[in-house]
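> Here it is, the structure in full.
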Amino acid sequence: MIVAVASGKGGTGKTTIASNLAVCLPRPKRLLDCDVEEPNCHIFLNPEIDTTERFTLPFPIVDETRCNGCGECSVMCRYNAIVTLQSKHLVFPELCHGCGGCVEVCPENAITEGQREIGSIHTGTHDHALFVQGLLDVGQALCPPLIYAVKRHTATNGITVIDCPPGTSCPVIAAVKKCDYVVLVAESSTFGLHDLRLAVDTMRKLNLNFGVVINRVSSADRQVAEFCRNEQIPVLLEIPEDRKAAEAYSRGQLLVDVVPGFRELFDRLCERILAEFHHS
Amino acid sequence: MKEVVVISGKGGTGKTSLAASFAYLNGTSVIADCDVDAPDLYLVLSPEIKRLEPFKSGRVAVIRKDDCIGCGTCMDKCRFDAVREIRRIGRESLFVIDSFSCEGCGVCVRLCPQDAVDFPGRICGEWMVSETRYGPMVHARLAIGAENSGKLVSIVRNEAHRIAEDLNISCVIIDGPPGIACPVIASITGASMVLIVVEPTLSGVHDMERVITLTEHFKIPTCLCINKWELNPQIAGEIKRGAKSAGATFAGMISYDSSVTAAQNKGIPVVEYGGPAAQDIRKVWQNIEKRMESIEAPAAIEA
């Protein structure tokens, strides 16, 4: 079973949910941090990292001696990564999406592919479970390929927890695609509700099963809970606004370890997620 | 024209609340919401939409079912796992494109031996020009699962610059996206100043360090402010002391104050609502203005 933890808005508590969930779930389990722009799970889990591999994307290299300057490659390329000017070509590796189209269409077989580094994948263990983190190099723009590479570590048995990037665009799609269940984390506020609506639309478009965790709930503000009730979306857990929890988070501590009552909250969340999954 | 871009690396640190407050404090600005994934600024500035444009970007492959002979070339050649095979009993397979996974590269379109793949343009969202109490606003909404958010960010920003020039408005305030990749890079390249909003947590510091590396990489003058500083005064102190050596000007600390959420729920900028955080935000804006003047001064001497 693959459980993704996602949200429309950033900073609603995805990493908190994912990392605390990862320690409460029964083994076999593993955690994949797919928020490759700003991965944070390691701060809370302190995994032992055994291997670090560089992740690369292909880009075209043109063999000058074979190129006849026909320009087919630049006609093919939708990303302007290879441009032909007066039978001279220019390659912009940072624009290349690695589709391989130019290689396919070159009539002289003059194009091969080099590899450019865009990030790294760190693999290790936490609590006798596999931990994998993708880390995009600063200055790189394209993250979905790295997210897919991290997701190749998904387990065939047991539970895989995926911490997703925020938003509703391509990095999120890459992270939640083919997951069995998505936990959407929403903040109990006006911004929180607005961005939850976007996240819900996304999950529905992708035909994914999902439920909501409402974070930082104050008794005065019920707008997110009401939205979920009206939309018939299961609320998996409500986490009360708690200054102690916020402070423990600031120190990089797991809430289930240090804040009274949180172990029980997350045990219940585990049960709910497993039940929702079997139910669906 | 000066341009301040509010970013954070980590999401949810208060970018939008600050950007809305700056718009209020500056009087008249052009305001742009470059968080096209989760645009929240309009919830605070209640813009009146004057112009709405579709955001067309790229193409998507669509296989014509009746012309597909089931050879599977599209699936073999697609590197984005966007082609699905539907097996049929007693007949050749059918292949379909998952539009959410399609990168619009056109490889299947080109290589299909039957020319059975259409390649229509794709509408990836919309962008708007609006009027607010604090000046014109440009904002957008990326379609769900769409690519090219960086391109939409560039459209929003360019439109904001154009309006500022046309109307002779000297300041552009940008509410930026979280993260460090494509939409962030599109939001900050060529800006006169970036303000990074950090929360005093280990995650906040981790993400701030990465985003500062990014602003250094693009050589953009950078200010830093801490939001909810009381959450962890020790880490807040370390961020403040480390700001200068990290290459950023420290612009102040903002109190952990429930009036920030209250203002948000009321749909007005924090500084208009009032409270301890409002006072702190005023000081941060003063410091940003001061820093901005010091950037502009040498350029004036050169001219």
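> Which residues, counting only those in the stretch A:154-168, are surrounded by fewer than 24 Cβ atoms within 10 Å (Cβ to Cβ), of a type outside the set (G, A, S) and away from chain B (no Cβ under 14 Å)?
Correct list: A:T156, A:N157.
> Still on this structure, I have one more. If you take the residues in the stretch B:244-289 that are basic (K, R) and at pLDDT 95 or above, which one is nearest to A:S218 (Cα to Cα)?
B:R282
> Can you list the helices (runs of 4 or more DSSP H) found entirely within the stretch A:228-280 that contain at least 3 residues being touching a strand residue (DSSP E or B) at 6+ places or on another chain (Cβ under 6 Å) and surrounded by 15 or more Cβ atoms within 10 Å (Cβ to Cβ)?
Working: elements: A:243-250, A:255-258, A:262-279.
In the stretch A:228-280, the matching helices (runs of 4 or more DSSP H) lie at A:262-279.
> Looking at the stretch A:186-208, is at least one residue more than 9 Å from chain B (Cβ to nearest Cβ) and among the aromatic types (F, W, Y)?
No, the stretch A:186-208 contains no residue that is more than 9 Å from chain B (Cβ to nearest Cβ) and among the aromatic types (F, W, Y).
> Only one of these is under 25 Å from A:P165 (Cα atoms), modelled with pLDDT of 95 or more, in contact with a Cys (Cβ under 9 Å, 6 or more places away or on another chain) and within 11 Å of chain A (Cβ to nearest Cβ): B:P177, B:P200. Name it. Show your work before the answer.
Values: B:P200 fails: in contact with a Cys (Cβ under 9 Å, 6 or more places away or on another chain).
Selected residue: B:P177, the only one of B:P177, B:P200 that is under 25 Å from A:P165 (Cα atoms), modelled with pLDDT of 95 or more, in contact with a Cys (Cβ under 9 Å, 6 or more places away or on another chain) and within 11 Å of chain A (Cβ to nearest Cβ).
> In addition: Pairs, please: C-beta under 7 Å, at least 6 apart or cross-chain, first residue within 14 Å of chain B (Cβ to nearest Cβ) and closer than 21 Å to A:A6 by Cβ and in the stretch A:221-241, second in a loop (DSSP other than H, G, I, E, B) and at pLDDT below 95?
A:V224/A:S188
> Working only within the stretch A:143-153, note down all residues that are part of a loop (DSSP other than H, G, I, E, B) and surrounded by 21 or more Cβ atoms within 10 Å (Cβ to Cβ). Break it down into steps so the answer makes sense when it comes.
At the first step, the residues of the stretch A:143-153 found to be part of a loop (DSSP other than H, G, I, E, B) are A:143, A:152-153.
Across the stretch A:143-153, the qualifying residue is only A:C143.
> Is it the case that A:E113 is more than 10 Å from chain B (Cβ to nearest Cβ), in a loop (DSSP other than H, G, I, E, B) and either touching a residue at least 24 places away in the same chain (Cβ under 8 Å) or surrounded by 14 or more Cβ atoms within 10 Å (Cβ to Cβ) (or both)?
no
> Oh, and also: Which is within 17 Å of A:G13 (Cβ to Cβ) and acidic (D, E), of A:D267, A:D242?
Exactly one residue qualifies, and that residue is A:D242.
> With the checklist (1) out of contact with any strand residue (DSSP E or B) (no Cβ under 6 Å at 6 or more places or on another chain); (2) closer than 30 Å to B:V197 by Cα in hand, flag the one item A:G100 doesn't pass.
Checking A:G100 against (1) out of contact with any strand residue (DSSP E or B) (no Cβ under 6 Å at 6 or more places or on another chain); (2) closer than 30 Å to B:V197 by Cα, the one that fails is (2).
> Further, regarding this structure: Out of curiosity, is A:A248 within 13 Å of chain B (Cβ to nearest Cβ) and either in contact (Cβ under 8 Å) with a residue 40 or more places away in the chain or of a type in the set (A, V, I, L, M, F, W, C) (or both)?
Against the criterion (within 13 Å of chain B (Cβ to nearest Cβ) and either in contact (Cβ under 8 Å) with a residue 40 or more places away in the chain or of a type in the set (A, V, I, L, M, F, W, C) (or both)), A:A248 qualifies.
> Filter the stretch B:160-174 down to the residues that are assigned to a helix (DSSP H, G or I) and surrounded by 21 or more Cβ atoms within 10 Å (Cβ to Cβ), then identify the one that is nearest to the other protein chains (Cβ to nearest Cβ).
B:A160
> Taking the stretch A:208-227 on its own, how many of its residues are in contact with a Pro (Cβ under 9 Å, 6 or more places away or on another chain) and in a loop (DSSP other than H, G, I, E, B)?
Matching residues across the stretch A:208-227 total 2.
> Among the residues of the stretch B:238-247, is any in contact (Cβ under 8 Å) with a residue 24 or more places away in the chain, more than 21 Å from A:Y249 (Cβ to Cβ) and under 24 Å from the mean Cα position of the chain (by Cα)?
Filtering the stretch B:238-247 down to residues in contact (Cβ under 8 Å) with a residue 24 or more places away in the chain leaves B:238-239, B:246-247.
If we keep only those that are more than 21 Å from A:Y249 (Cβ to Cβ) as well, we get B:246-247.
Keeping just the survivors that are under 24 Å from the mean Cα position of the chain (by Cα) gives B:246-247.
For the stretch B:238-247, residues in contact (Cβ under 8 Å) with a residue 24 or more places away in the chain, more than 21 Å from A:Y249 (Cβ to Cβ) and under 24 Å from the mean Cα position of the chain (by Cα): present.
> Just checking, how many residues over the stretch A:1-59 are within 23 Å of A:S188 (Cα to Cα) and polar (S, T, N, Q)?
Qualifying residue count, the stretch A:1-59: 7.
> Say whether the condition of being surrounded by fewer than 15 Cβ atoms within 10 Å (Cβ to Cβ) and in a helix (DSSP H, G or I) is met by at least one residue in the stretch A:174-189.
For the stretch A:174-189, residues surrounded by fewer than 15 Cβ atoms within 10 Å (Cβ to Cβ) and in a helix (DSSP H, G or I): absent.
> For A:E108, indicate whether it is of a type outside the set (F, W, Y) and assigned to a helix (DSSP H, G or I).
The answer is no for A:E108.
> Is it the case, given these coordinates, that A:P171 is surrounded by 20 or more Cβ atoms within 10 Å (Cβ to Cβ), part of a loop (DSSP other than H, G, I, E, B) and within 14 Å of another protein chain (Cβ to nearest Cβ)?
When the stated conditions are applied, A:P171 does not pass them.
> Then there is this: Could you check the stretch B:100-120 and list, in sequence order, the residues that are facing chain A (nearest Cβ under 10 Å) and in a loop (DSSP other than H, G, I, E, B)?
Result: B:F100, B:S101, B:E103, B:G104, B:C105, B:G106, B:F119.
> Looking at the stretch A:136-151, which of the residues that are within 10 Å of the chain's Cα centre (by Cα) and farther than 12 Å from B:C182 by Cα is farthest from the other protein chains (Cβ to nearest Cβ)?
A:V150
> Among the residues that make up the stretch B:45-67, is at least one of them in a helix (DSSP H, G or I), buried (at least 19 other Cβ atoms within 10 Å of the Cβ) and in contact (Cβ under 8 Å) with a residue 24 or more places away in the chain?
yes
> Does B:E126 satisfy the criteria of being more than 21 Å from B:S29 (Cβ to Cβ), within 15 Å of the chain's Cα centre (by Cα) and surrounded by fewer than 20 Cβ atoms within 10 Å (Cβ to Cβ)?
In short, yes.
The values are calculated or read from the model by the stated rules, or taken from the named source; none is laboratory data. As the structure is a prediction and not an experimental result, all values here were calculated from the model. With ideal geometry, Cβ positions are generated from the backbone for all residues, glycine too; neighbour counts draw on all protein chains shown.
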